[in-house]
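In what follows, a single structure is set out as structure tokens and then discussed.
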Amino acid sequence: MSLSVEIENRLRHSFQVEQEFGGPQNYAALRVFGEIMKRLDASTGRRWADDLWTFVQFEHAIAHTLHGWRPEGELFKPTVPRLSPDTVDRLGRHMAENVLVQLDFTESDGKDDFAKIKRDLGSLNRGGAI
């Protein structure tokens, strides 16, 4: 394969990855969270997914980061079709408990990405989160 074909393939793949996460902003946010994970692991010598203290520090870092990204303006609860107002009040929890288990991560080429995600989560995939 020529160098120009390799570069083209890598560029195409990078745009596909961004779109898989809902666009470049979502992908960038996830990359920030990944960097926090790596730096916490390196700082403590323990993996955030295996050590409770490091995990709690990760929670704090994510909460602090999200707070810094919080949009300005008035809080307005939308109407979400097919969901009761009570469910909309707890939409984030509803997504975590119900929607993630229904997602279809199967690509058109037949490769089951969802099974890979579940496998890669390892011990994190407990309690039926996904």
(message) If I take every Cα pair under 8 Å that is 6 or more residues apart in the stretch 1-74, average their sequence separation and divide by the length, what percent do I get for the relative contact order?
(response) 15 percent
(message) Need one number: the % of Cα-Cα pairs in the stretch 1-74 sitting beyond the 21 Å mark.
(response) 49 percent
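None of the figures in this text is laboratory data; all of them are computed from the coordinates on show. In this text the structure is predicted, and so the values were computed from the model without any measurement.
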